[in-house]
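See below for the structure under consideration.
The values are calculated or read from the model by the stated rules, or taken from the named source; none is laboratory data. Since we're looking at a predicted model, the values are computed, not measured. FYI the Cβ positions are ideal-geometry reconstructions off the backbone, even for glycines, and counts take in every protein chain you see. These area figures cover heavy atoms from the full protein model, side chains too; ligands, DNA and RNA do not enter into them. Shrake-Rupley method; radii C 1.70, N 1.55, O 1.52, S 1.80 Å.
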Amino acid sequence: MKTISEIQQGYKDKEFSCTEIVEESFATIDVHDDTLHAFLSLHQDTALEHAKNVDEKISKGHPLHPMEGIPGAIKDNILIQGTITTAGSKILENYKASYSATVMKKLAEHGAIIIGKTNLDEFAMGSSTENSAYGPSKNPWDTARVPGGSSGGSAVAVASGEAVFALGTDTGGSIRQPAGLCGVVGLKPTYGQVSRYGAIAMASSLDQIGSFARTVQDATIVYDAIRGSDTYDSTTAHAGPVIEPTKLSHDVKGLRIGIPKEFFIDGLDPRVEKAIREASQTLKSAGATIVEVSLPHAPYALAVYYIIMPAEVCANISRYDGIRYGYRDTSAKDLWNTYLSSRETGLGAEVRRRIMLGTYVLSSGYADQYYNQAQLVRSMIRKDYSQAFQDVDCMIAPTSPTPAFKFGEKTDDPLSMYLADIFTVSANIAGIPAVSLPCGFAQEDGQQLPIGMQIFGKHFDEQTILSVGYAYQTLTDWHTRHPDI
Ligand code: GLN
(Lines give C-alpha, C1' and ligand atoms only; values in the text may rest on other atoms or scores of the structure.)
Protein backbone atom coordinates (compact mmCIF):
# COMPACT_ATOMS: atom_id res chain seq x y z
CA MET A 1 0.00 0.00 0.00
CA LYS A 2 1.49 3.29 -1.08
CA THR A 3 1.44 6.65 0.69
CA ILE A 4 0.60 9.94 -1.01
CA SER A 5 4.25 10.96 -1.33
CA GLU A 6 5.23 7.52 -2.68
CA ILE A 7 2.54 7.84 -5.35
CA GLN A 8 3.68 11.36 -6.26
CA GLN A 9 7.27 10.14 -6.54
CA GLY A 10 6.11 7.24 -8.73
CA TYR A 11 4.25 9.67 -11.03
CA LYS A 12 7.37 11.81 -11.31
CA ASP A 13 9.60 8.85 -12.06
CA LYS A 14 6.99 7.43 -14.49
CA GLU A 15 7.05 4.22 -12.47
CA PHE A 16 3.28 3.90 -12.90
CA SER A 17 0.50 6.02 -14.32
CA CYS A 18 -2.38 7.67 -12.49
CA THR A 19 -4.77 5.44 -14.43
CA GLU A 20 -2.97 2.40 -13.05
CA ILE A 21 -3.22 3.71 -9.49
CA VAL A 22 -6.94 4.41 -9.85
CA GLU A 23 -7.55 1.07 -11.55
CA GLU A 24 -5.72 -0.61 -8.67
CA SER A 25 -8.17 1.00 -6.23
CA PHE A 26 -11.17 -0.25 -8.18
CA ALA A 27 -9.60 -3.72 -8.50
CA THR A 28 -9.20 -3.89 -4.70
CA ILE A 29 -12.81 -2.73 -4.31
CA ASP A 30 -13.88 -5.39 -6.80
CA VAL A 31 -12.22 -8.15 -4.82
CA HIS A 32 -13.02 -7.04 -1.28
CA ASP A 33 -15.96 -4.71 -1.10
CA ASP A 34 -18.67 -7.37 -1.37
CA THR A 35 -17.39 -8.50 2.03
CA LEU A 36 -16.19 -5.23 3.56
CA HIS A 37 -18.99 -2.99 2.26
CA ALA A 38 -17.05 0.24 2.71
CA PHE A 39 -18.76 1.89 -0.27
CA LEU A 40 -22.35 2.95 -0.91
CA SER A 41 -21.62 4.22 -4.42
CA LEU A 42 -18.69 4.25 -6.82
CA HIS A 43 -17.70 7.07 -9.16
CA GLN A 44 -15.69 4.90 -11.51
CA ASP A 45 -16.30 6.70 -14.84
CA THR A 46 -15.50 10.17 -13.55
CA ALA A 47 -12.50 8.88 -11.60
CA LEU A 48 -10.95 7.18 -14.64
CA GLU A 49 -11.67 10.21 -16.80
CA HIS A 50 -9.95 12.40 -14.24
CA ALA A 51 -6.98 9.99 -14.07
CA LYS A 52 -6.54 10.31 -17.86
CA ASN A 53 -6.25 14.09 -17.50
CA VAL A 54 -3.66 13.72 -14.76
CA ASP A 55 -1.67 11.32 -16.93
CA GLU A 56 -1.70 13.88 -19.73
CA LYS A 57 -0.34 16.48 -17.34
CA ILE A 58 2.37 14.09 -16.19
CA SER A 59 3.38 13.28 -19.76
CA LYS A 60 3.73 17.00 -20.49
CA GLY A 61 5.98 17.33 -17.47
CA HIS A 62 3.61 19.68 -15.60
CA PRO A 63 4.12 19.77 -11.83
CA LEU A 64 1.39 18.17 -9.72
CA HIS A 65 -0.18 19.38 -6.51
CA PRO A 66 0.48 17.00 -3.56
CA MET A 67 -3.15 15.74 -3.76
CA GLU A 68 -3.28 15.54 -7.55
CA GLY A 69 -4.07 12.09 -8.89
CA ILE A 70 -4.58 10.61 -5.41
CA PRO A 71 -7.64 8.33 -5.09
CA GLY A 72 -9.87 9.17 -2.12
CA ALA A 73 -13.23 8.13 -0.69
CA ILE A 74 -15.83 10.48 0.76
CA LYS A 75 -18.23 9.78 3.61
CA ASP A 76 -21.73 9.76 2.19
CA ASN A 77 -22.90 12.74 4.26
CA ILE A 78 -20.72 15.17 2.30
CA LEU A 79 -22.33 16.59 -0.83
CA ILE A 80 -20.97 16.25 -4.35
CA GLN A 81 -23.13 18.11 -6.84
CA GLY A 82 -25.26 15.93 -9.08
CA THR A 83 -24.55 12.70 -7.21
CA ILE A 84 -26.55 10.70 -4.70
CA THR A 85 -25.83 11.47 -1.04
CA THR A 86 -27.73 9.19 1.32
CA ALA A 87 -26.20 9.98 4.75
CA GLY A 88 -26.77 6.25 5.35
CA SER A 89 -30.51 6.90 5.57
CA LYS A 90 -33.44 5.49 3.69
CA ILE A 91 -35.06 8.93 3.73
CA LEU A 92 -32.32 10.23 1.37
CA GLU A 93 -32.10 7.08 -0.75
CA ASN A 94 -32.63 9.02 -4.00
CA TYR A 95 -31.38 12.44 -2.95
CA LYS A 96 -29.14 14.06 -5.56
CA ALA A 97 -27.03 16.91 -4.16
CA SER A 98 -27.73 20.25 -5.82
CA TYR A 99 -24.38 21.72 -4.79
CA SER A 100 -20.95 20.58 -3.63
CA ALA A 101 -19.50 20.92 -0.15
CA THR A 102 -16.67 23.43 0.19
CA VAL A 103 -14.24 20.60 1.03
CA MET A 104 -15.18 18.91 -2.25
CA LYS A 105 -14.51 22.09 -4.22
CA LYS A 106 -11.15 22.35 -2.52
CA LEU A 107 -10.28 18.71 -3.24
CA ALA A 108 -11.27 19.27 -6.87
CA GLU A 109 -9.06 22.38 -7.08
CA HIS A 110 -6.20 20.29 -5.70
CA GLY A 111 -6.83 17.55 -8.25
CA ALA A 112 -7.70 14.68 -5.86
CA ILE A 113 -9.61 11.84 -7.53
CA ILE A 114 -12.89 10.80 -5.93
CA ILE A 115 -13.55 7.09 -6.30
CA GLY A 116 -16.79 6.82 -4.33
CA LYS A 117 -18.94 7.52 -1.28
CA THR A 118 -18.56 5.54 1.91
CA ASN A 119 -20.93 3.89 4.35
CA LEU A 120 -21.86 5.42 7.70
CA ASP A 121 -24.28 5.09 10.57
CA GLU A 122 -27.50 6.85 9.59
CA PHE A 123 -26.93 10.63 9.69
CA ALA A 124 -23.60 9.86 11.43
CA MET A 125 -25.33 8.63 14.58
CA GLY A 126 -23.56 5.57 15.90
CA SER A 127 -20.22 3.94 16.66
CA SER A 128 -20.28 0.78 14.53
CA THR A 129 -22.02 1.44 11.14
CA GLU A 130 -24.71 -0.98 12.32
CA ASN A 131 -27.17 1.94 12.10
CA SER A 132 -26.67 2.34 8.35
CA ALA A 133 -29.88 1.72 6.40
CA TYR A 134 -27.68 -0.08 3.86
CA GLY A 135 -26.10 -2.69 6.14
CA PRO A 136 -22.86 -2.49 8.14
CA SER A 137 -19.27 -2.24 6.95
CA LYS A 138 -16.84 -4.85 8.23
CA ASN A 139 -13.52 -4.47 9.98
CA PRO A 140 -10.78 -5.73 7.62
CA TRP A 141 -8.76 -7.04 10.61
CA ASP A 142 -11.61 -9.36 11.59
CA THR A 143 -14.79 -9.33 9.56
CA ALA A 144 -16.81 -10.61 12.54
CA ARG A 145 -16.16 -7.21 14.15
CA VAL A 146 -17.35 -3.66 13.60
CA PRO A 147 -15.07 -1.07 11.99
CA GLY A 148 -16.34 1.60 14.41
CA GLY A 149 -18.46 4.52 13.35
CA SER A 150 -19.96 6.57 12.23
CA SER A 151 -17.35 7.03 9.46
CA GLY A 152 -16.73 3.26 9.39
CA GLY A 153 -16.77 3.00 5.59
CA SER A 154 -14.06 5.66 5.23
CA ALA A 155 -11.83 3.91 7.80
CA VAL A 156 -12.32 0.51 6.11
CA ALA A 157 -11.60 1.95 2.64
CA VAL A 158 -8.24 3.29 3.82
CA ALA A 159 -7.30 0.32 6.03
CA SER A 160 -7.98 -2.20 3.24
CA GLY A 161 -6.15 -0.28 0.52
CA GLU A 162 -9.31 0.52 -1.45
CA ALA A 163 -8.54 4.24 -1.10
CA VAL A 164 -5.38 6.15 -0.24
CA PHE A 165 -7.23 8.73 1.82
CA ALA A 166 -10.80 9.45 2.90
CA LEU A 167 -12.90 12.22 4.39
CA GLY A 168 -15.17 11.72 7.37
CA THR A 169 -17.08 13.81 9.86
CA ASP A 170 -16.55 13.81 13.60
CA THR A 171 -19.26 15.04 15.98
CA GLY A 172 -18.29 12.95 18.98
CA GLY A 173 -15.53 10.70 17.69
CA SER A 174 -16.74 9.48 14.30
CA ILE A 175 -13.35 9.93 12.62
CA ARG A 176 -11.05 8.97 15.51
CA GLN A 177 -12.93 5.93 16.84
CA PRO A 178 -13.17 4.05 13.49
CA ALA A 179 -9.58 5.11 12.68
CA GLY A 180 -8.54 3.59 16.01
CA LEU A 181 -10.46 0.34 15.49
CA CYS A 182 -9.20 -0.08 11.90
CA GLY A 183 -5.55 0.84 12.53
CA VAL A 184 -5.36 4.03 10.45
CA VAL A 185 -4.85 7.73 11.17
CA GLY A 186 -7.91 9.95 11.71
CA LEU A 187 -7.76 13.70 12.29
CA LYS A 188 -10.54 15.84 13.75
CA PRO A 189 -9.39 19.42 13.24
CA THR A 190 -10.22 22.35 15.54
CA TYR A 191 -13.86 23.46 15.26
CA GLY A 192 -13.72 26.26 12.68
CA GLN A 193 -10.63 25.06 10.87
CA VAL A 194 -12.50 23.27 8.04
CA SER A 195 -15.75 24.48 6.47
CA ARG A 196 -18.85 22.43 7.25
CA TYR A 197 -20.75 23.86 4.27
CA GLY A 198 -22.22 20.93 2.39
CA ALA A 199 -21.78 18.38 5.18
CA ILE A 200 -25.18 17.07 6.24
CA ALA A 201 -25.59 18.55 9.71
CA MET A 202 -25.90 16.30 12.74
CA ALA A 203 -25.09 18.54 15.74
CA SER A 204 -23.82 21.83 14.37
CA SER A 205 -21.83 23.04 17.38
CA LEU A 206 -19.85 19.77 17.44
CA ASP A 207 -19.61 18.62 13.78
CA GLN A 208 -16.27 18.80 12.00
CA ILE A 209 -14.92 17.37 8.72
CA GLY A 210 -11.51 15.71 8.81
CA SER A 211 -9.17 13.26 7.12
CA PHE A 212 -8.29 9.56 7.19
CA ALA A 213 -5.00 8.21 5.88
CA ARG A 214 -2.42 5.53 6.61
CA THR A 215 0.21 7.92 7.92
CA VAL A 216 0.14 11.19 9.85
CA GLN A 217 2.02 12.79 6.98
CA ASP A 218 -0.73 11.84 4.51
CA ALA A 219 -3.51 12.93 6.88
CA THR A 220 -1.74 16.30 7.11
CA ILE A 221 -1.54 16.71 3.33
CA VAL A 222 -5.31 16.11 3.07
CA TYR A 223 -6.02 18.44 5.98
CA ASP A 224 -3.95 21.21 4.38
CA ALA A 225 -5.94 20.80 1.17
CA ILE A 226 -9.38 21.11 2.81
CA ARG A 227 -8.93 23.74 5.52
CA GLY A 228 -9.41 27.50 5.43
CA SER A 229 -12.08 30.13 6.00
CA ASP A 230 -15.28 30.01 3.99
CA THR A 231 -17.92 32.69 3.49
CA TYR A 232 -20.53 29.91 3.38
CA ASP A 233 -19.71 28.78 6.93
CA SER A 234 -19.63 31.67 9.40
CA THR A 235 -18.09 29.43 12.07
CA THR A 236 -14.88 29.01 10.10
CA ALA A 237 -12.01 30.97 11.60
CA HIS A 238 -10.45 33.69 9.56
CA ALA A 239 -7.43 32.44 7.66
CA GLY A 240 -5.46 34.30 5.02
CA PRO A 241 -6.04 33.52 1.33
CA VAL A 242 -2.90 31.38 1.20
CA ILE A 243 -2.75 28.28 3.38
CA GLU A 244 0.80 27.54 4.43
CA PRO A 245 1.36 23.77 4.60
CA THR A 246 1.62 22.41 8.14
CA LYS A 247 5.30 21.96 9.00
CA LEU A 248 5.82 18.55 10.54
CA SER A 249 8.76 18.09 12.86
CA HIS A 250 9.85 14.80 14.36
CA ASP A 251 11.72 16.50 17.15
CA VAL A 252 9.80 16.12 20.40
CA LYS A 253 12.69 17.21 22.64
CA GLY A 254 11.52 19.61 25.30
CA LEU A 255 7.83 19.06 24.55
CA ARG A 256 5.57 18.60 27.55
CA ILE A 257 3.00 15.89 26.92
CA GLY A 258 0.14 15.46 29.38
CA ILE A 259 -1.61 12.24 30.36
CA PRO A 260 -5.07 13.09 31.69
CA LYS A 261 -5.60 10.82 34.67
CA GLU A 262 -9.41 10.79 34.28
CA PHE A 263 -9.03 8.77 31.06
CA PHE A 264 -7.58 5.77 32.88
CA ILE A 265 -10.78 4.45 34.37
CA ASP A 266 -12.43 1.16 35.26
CA GLY A 267 -13.60 -0.51 32.09
CA LEU A 268 -10.51 0.53 30.14
CA ASP A 269 -9.15 -2.64 28.54
CA PRO A 270 -5.72 -3.35 30.18
CA ARG A 271 -4.21 -4.03 26.75
CA VAL A 272 -5.26 -0.55 25.63
CA GLU A 273 -3.86 1.04 28.79
CA LYS A 274 -0.56 -0.82 28.36
CA ALA A 275 -0.24 0.33 24.72
CA ILE A 276 -0.82 3.99 25.68
CA ARG A 277 1.65 3.82 28.59
CA GLU A 278 4.24 2.27 26.28
CA ALA A 279 3.63 4.97 23.68
CA SER A 280 4.27 7.61 26.32
CA GLN A 281 7.56 5.88 27.16
CA THR A 282 8.53 5.90 23.48
CA LEU A 283 7.92 9.66 23.31
CA LYS A 284 9.78 10.12 26.59
CA SER A 285 12.82 8.29 25.33
CA ALA A 286 12.78 10.64 22.32
CA GLY A 287 13.13 13.60 24.67
CA ALA A 288 9.56 14.61 25.61
CA THR A 289 8.55 15.18 29.20
CA ILE A 290 5.48 13.22 30.29
CA VAL A 291 3.31 14.89 32.94
CA GLU A 292 0.12 13.69 34.57
CA VAL A 293 -2.64 16.29 34.18
CA SER A 294 -6.20 16.48 35.44
CA LEU A 295 -9.40 17.31 33.57
CA PRO A 296 -11.76 17.25 36.57
CA HIS A 297 -14.98 17.52 34.55
CA ALA A 298 -14.03 14.84 31.99
CA PRO A 299 -16.25 12.24 33.72
CA TYR A 300 -19.29 14.38 32.75
CA ALA A 301 -18.35 14.71 29.08
CA LEU A 302 -20.42 11.78 27.84
CA ALA A 303 -23.54 12.96 29.71
CA VAL A 304 -23.09 16.50 28.36
CA TYR A 305 -22.63 15.16 24.83
CA TYR A 306 -25.74 12.98 24.96
CA ILE A 307 -27.82 16.05 25.95
CA ILE A 308 -26.40 18.76 23.67
CA MET A 309 -25.99 16.47 20.63
CA PRO A 310 -29.62 15.17 20.54
CA ALA A 311 -30.93 18.72 21.16
CA GLU A 312 -29.13 19.86 17.99
CA VAL A 313 -30.00 16.63 16.14
CA CYS A 314 -33.73 17.10 16.62
CA ALA A 315 -33.52 20.61 15.16
CA ASN A 316 -31.34 19.55 12.21
CA ILE A 317 -33.32 16.43 11.30
CA SER A 318 -36.64 18.30 11.30
CA ARG A 319 -36.02 19.29 7.67
CA TYR A 320 -36.51 15.66 6.54
CA ASP A 321 -40.26 15.85 6.59
CA GLY A 322 -41.24 13.93 3.47
CA ILE A 323 -42.03 17.21 1.71
CA ARG A 324 -38.78 19.03 1.13
CA TYR A 325 -36.31 16.16 0.82
CA GLY A 326 -36.12 12.54 -0.08
CA TYR A 327 -38.54 9.76 0.72
CA ARG A 328 -42.26 10.51 0.94
CA ASP A 329 -45.02 8.10 1.83
CA THR A 330 -47.42 8.89 -1.00
CA SER A 331 -50.13 6.65 0.44
CA ALA A 332 -50.66 8.99 3.43
CA LYS A 333 -54.09 10.65 3.35
CA ASP A 334 -53.27 14.16 4.54
CA LEU A 335 -50.34 16.45 5.30
CA TRP A 336 -49.99 15.46 8.96
CA ASN A 337 -49.94 11.77 8.13
CA THR A 338 -47.45 12.40 5.31
CA TYR A 339 -45.03 13.86 7.88
CA LEU A 340 -45.67 11.11 10.39
CA SER A 341 -45.47 8.18 8.12
CA SER A 342 -42.58 9.45 5.92
CA ARG A 343 -40.45 10.07 9.00
CA GLU A 344 -41.43 6.83 10.67
CA THR A 345 -40.62 4.75 7.60
CA GLY A 346 -37.71 6.88 6.36
CA LEU A 347 -35.77 7.24 9.61
CA GLY A 348 -34.19 4.40 11.59
CA ALA A 349 -34.62 3.59 15.28
CA GLU A 350 -31.47 5.36 16.55
CA VAL A 351 -32.29 8.59 14.72
CA ARG A 352 -35.83 8.54 16.10
CA ARG A 353 -34.49 7.82 19.60
CA ARG A 354 -32.27 10.91 19.41
CA ILE A 355 -35.08 13.10 18.08
CA MET A 356 -37.13 12.09 21.13
CA LEU A 357 -34.23 12.61 23.55
CA GLY A 358 -33.51 16.01 22.04
CA THR A 359 -37.14 17.10 22.14
CA TYR A 360 -37.31 16.05 25.78
CA VAL A 361 -34.15 17.89 26.96
CA LEU A 362 -35.33 21.07 25.22
CA SER A 363 -38.94 20.95 26.37
CA SER A 364 -40.15 23.68 28.69
CA GLY A 365 -39.86 22.53 32.26
CA TYR A 366 -36.89 20.28 31.48
CA ALA A 367 -34.60 22.61 29.51
CA ASP A 368 -33.17 24.17 32.68
CA GLN A 369 -32.52 20.82 34.23
CA TYR A 370 -30.91 19.26 31.16
CA TYR A 371 -29.99 21.43 28.18
CA ASN A 372 -29.02 24.59 30.05
CA GLN A 373 -27.20 22.61 32.71
CA ALA A 374 -25.27 20.70 30.05
CA GLN A 375 -24.20 24.00 28.46
CA LEU A 376 -22.80 25.13 31.82
CA VAL A 377 -20.84 21.91 32.25
CA ARG A 378 -19.66 22.22 28.62
CA SER A 379 -17.94 25.50 29.50
CA MET A 380 -16.31 23.85 32.53
CA ILE A 381 -14.93 21.08 30.31
CA ARG A 382 -13.53 23.70 27.93
CA LYS A 383 -11.96 25.51 30.88
CA ASP A 384 -10.37 22.28 32.15
CA TYR A 385 -8.61 21.90 28.82
CA SER A 386 -7.37 25.50 28.67
CA GLN A 387 -6.05 25.21 32.21
CA ALA A 388 -4.28 21.93 31.51
CA PHE A 389 -2.82 23.37 28.29
CA GLN A 390 -1.07 26.08 30.32
CA ASP A 391 1.22 23.34 31.58
CA VAL A 392 1.52 21.00 28.58
CA ASP A 393 1.82 21.29 24.78
CA CYS A 394 -0.48 18.37 24.02
CA MET A 395 -2.02 15.33 25.71
CA ILE A 396 -2.24 11.65 24.88
CA ALA A 397 -5.08 9.29 25.75
CA PRO A 398 -6.75 6.13 24.47
CA THR A 399 -9.12 6.55 21.52
CA SER A 400 -11.51 3.78 22.59
CA PRO A 401 -11.87 1.82 25.82
CA THR A 402 -11.60 -1.50 23.92
CA PRO A 403 -10.45 -2.81 20.53
CA ALA A 404 -13.14 -3.53 17.90
CA PHE A 405 -16.22 -5.30 19.29
CA LYS A 406 -18.33 -7.93 17.56
CA PHE A 407 -21.42 -7.26 15.45
CA GLY A 408 -24.57 -7.30 17.56
CA GLU A 409 -22.65 -7.01 20.83
CA LYS A 410 -23.99 -3.56 21.67
CA THR A 411 -27.02 -3.11 19.42
CA ASP A 412 -29.59 -4.10 22.03
CA ASP A 413 -28.24 -1.70 24.61
CA PRO A 414 -27.86 1.87 23.29
CA LEU A 415 -26.12 2.95 26.51
CA SER A 416 -23.30 0.46 26.07
CA MET A 417 -22.89 1.70 22.48
CA TYR A 418 -22.74 5.32 23.75
CA LEU A 419 -19.93 4.30 26.12
CA ALA A 420 -17.73 3.55 23.10
CA ASP A 421 -17.46 7.36 22.71
CA ILE A 422 -16.31 8.04 26.25
CA PHE A 423 -12.79 9.21 25.30
CA THR A 424 -13.61 11.04 22.09
CA VAL A 425 -16.55 13.36 22.87
CA SER A 426 -14.67 15.84 25.04
CA ALA A 427 -12.55 17.12 22.12
CA ASN A 428 -15.77 18.05 20.28
CA ILE A 429 -17.26 19.61 23.41
CA ALA A 430 -14.13 21.75 23.84
CA GLY A 431 -13.68 22.31 20.07
CA ILE A 432 -10.00 21.28 20.20
CA PRO A 433 -8.11 19.28 17.55
CA ALA A 434 -7.38 15.59 18.08
CA VAL A 435 -5.76 12.88 16.00
CA SER A 436 -5.96 9.12 16.45
CA LEU A 437 -3.14 6.87 15.30
CA PRO A 438 -2.28 3.19 15.73
CA CYS A 439 -0.15 2.40 18.81
CA GLY A 440 -0.36 -1.39 19.17
CA PHE A 441 -2.42 -4.53 18.70
CA ALA A 442 -4.46 -6.82 20.89
CA GLN A 443 -4.74 -10.48 20.04
CA GLU A 444 -8.26 -11.90 20.10
CA ASP A 445 -9.77 -15.04 18.55
CA GLY A 446 -6.47 -15.51 16.77
CA GLN A 447 -6.78 -12.09 15.10
CA GLN A 448 -4.72 -8.94 15.53
CA LEU A 449 -6.92 -5.99 16.51
CA PRO A 450 -5.53 -2.44 16.25
CA ILE A 451 -5.38 -0.11 19.26
CA GLY A 452 -5.63 3.65 18.76
CA MET A 453 -4.06 6.53 20.64
CA GLN A 454 -5.36 10.09 20.59
CA ILE A 455 -3.27 13.23 20.74
CA PHE A 456 -5.21 16.33 21.85
CA GLY A 457 -3.97 19.85 21.14
CA LYS A 458 -4.70 23.48 21.85
CA HIS A 459 -7.24 25.27 19.64
CA PHE A 460 -5.72 25.78 16.16
CA ASP A 461 -2.52 23.98 17.11
CA GLU A 462 -2.81 21.03 14.72
CA GLN A 463 0.87 21.60 14.03
CA THR A 464 1.91 20.20 17.43
CA ILE A 465 -0.35 17.14 17.54
CA LEU A 466 0.49 16.20 13.96
CA SER A 467 4.19 16.64 14.64
CA VAL A 468 4.02 14.44 17.75
CA GLY A 469 2.12 11.83 15.72
CA TYR A 470 4.67 12.09 12.93
CA ALA A 471 7.49 11.72 15.43
CA TYR A 472 5.79 8.66 16.94
CA GLN A 473 5.46 7.09 13.49
CA THR A 474 9.16 7.58 12.79
CA LEU A 475 9.88 5.70 16.04
CA THR A 476 7.37 2.84 15.60
CA ASP A 477 6.04 0.67 12.80
CA TRP A 478 2.42 0.03 13.83
CA HIS A 479 1.14 2.11 10.92
CA THR A 480 3.02 -0.04 8.42
CA ARG A 481 1.07 -3.20 9.33
CA HIS A 482 -1.89 -4.06 7.16
CA PRO A 483 -4.77 -6.47 7.54
CA ASP A 484 -4.34 -9.79 5.83
CA ILE A 485 -7.33 -9.66 3.51
N1 GLN B 1 -20.57 7.74 18.02
C2 GLN B 1 -21.00 9.06 18.35
C3 GLN B 1 -22.50 9.16 18.26
O4 GLN B 1 -23.12 8.19 18.07
C5 GLN B 1 -20.31 10.06 17.49
C6 GLN B 1 -20.94 10.29 16.18
C7 GLN B 1 -20.20 11.23 15.33
O8 GLN B 1 -19.12 11.70 15.68
N9 GLN B 1 -20.81 11.57 14.20
O10 GLN B 1 -23.07 10.18 18.39
Full-stretch length increase - residue 96, residue 330 - with 0.36 nm per residue and alpha-carbon distance subtracted: 82.3 nm
MRE, 222 nm, helices only [DSSP H, n ≥ 4, -39500 (n - 2.57), over the chain, to nearest 500]: -11500 deg cm²/dmol
With DNA, RNA and ligands ignored, accessible area of residue 444 (1.4 Å probe; Å², nearest 10): 60
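Which order do the peptides 289-298, 159-168 take when ranked by the mean count of other beta-carbon atoms within 10 Å per residue, highest first? Kindly include the intermediate steps, with their values, before the conclusion.
Numbers: 289-298: 16.8, 159-168: 28.9.
The packing order, highest mean first, is 159-168, 289-298.
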Dimensionless Rg/Rh of the range 38-112 - Kirkwood Rh, Rg from C-alpha atoms: 1.03
Candidate lysines - alpha carbon under 18 Å from residue 117, same-chain residues fewer than 8 apart omitted: 75, 90, 96, 105, 106, 138
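Quick one: Kirkwood hydrodynamic radius for the range 243-291, alpha-carbon pairs, angstrom, one decimal? Before the final figure, lay out the partial values.
On the way: mean 1/r = 0.0798 Å⁻¹.
Roughly 12.5 Å, rounded to one decimal.
On average, how much area does the Cα convex hull of the chain cover when viewed from any direction, in nm²?
On the way: hull surface 89.1 nm².
So the Cα hull casts an average projection of 22.3 nm².
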Burial ranking of peptide ranges 399-411, 228-240, 119-131 (average Cβ count within 10 Å, highest at the top): 119-131, 399-411, 228-240
Cα-based Rg / Dmax (Å) for the range 136-294: 17.1, 47
Base-10 log of normalised Debye intensity for the range 363-427 (one unit scatterer per alpha-carbon) at q = 0.11, 0.13, 0.19, 0.20 Å⁻¹: -0.44, -0.59, -0.93, -0.95
Hull volume in cubic angstrom per residue (convex hull over the Cα atoms of the range 209-276): 187
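Using Cα-Cα distances under 8 Å and only pairs 6 or more residues apart, what relative contact order does the range 360-443 have, in percent? Display every interim value, and only then the final one.
Details: 36 pairs, mean separation 25.9, N = 84.
Worked out over the range 360-443, it gives 31 percent.
Let me spell out the model: positive unit charges on the Cβ of Lys and Arg, negative unit charges on the Cβ of Asp and Glu, origin at the Cα centre of the chain. What dipole size does that give, in debye rounded to 20?
Values: 42 positive and 56 negative charges, 189 e Å.
Dipole magnitude for the chain comes out near 900 debye.
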Candidate lysines for bridging to residue 458, where Cα separation is under 16 Å - those fewer than 8 sequence places away on the same chain excluded: 188, 383
Mean separation of Cα contacts under 8 Å (6+ apart) over length of the chain, as relative contact order %: 18
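With every protein chain kept in the model, how would you rank 340, 64 by accessible area, 1.4 Å probe, largest at the top? Please list the in-between numbers first.
Working: 340 85, 64 45 Å².
Reading off the accessible areas and sorting them downward yields 340, 64.
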Within the range 452-485, backbone nitrogen closer than 18 Å to the virtual label 7 Å beyond the Cα of residue 243 toward Cβ: 459-467
When the range 380-460 is reduced to its Cα atoms, the Kirkwood hydrodynamic radius in Å: 14.3
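Where only protein heavy atoms count, and the probe is 1.4 Å, what is the accessible area per residue for the range 133-213 in Å²? Don't jump to the answer; show the numbers that get you there.
Values: 910 Å² over 81 residues.
So the range 133-213 comes to 11 Å² accessible per residue, rounded to a whole number.
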Translational diffusion of the range 311-375, µm² s⁻¹ [Kirkwood Rh, Cα pairs; Stokes-Einstein; 10 °C; 1.306 mPa s]: 125
Using a Förster distance of 41 Å, the FRET efficiency for residue 65-residue 144 (Cβ separation, nearest 0.05): 0.50
Residue-count net charge about residue 350 - beta-carbon cut-off 11 Å; Lys, Arg +1, Asp, Glu -1: 0
Most to least accessible of 360, 418 (protein chains only, probe 1.4 Å): 360, 418
Long-range HN-HN contacts of residue 113 with modeled amide H, under 5 Å: 69, 70, 72
Paramagnetic label zone (point 7 Å from Cα along Cα-to-C-beta, residue 319; backbone N under 19 Å) in the range 198-242: 198-210, 230-236
Projected label distance in nm at residue 480 and residue 278, using a 7 Å step from Cα toward the beta-carbon: 1.7
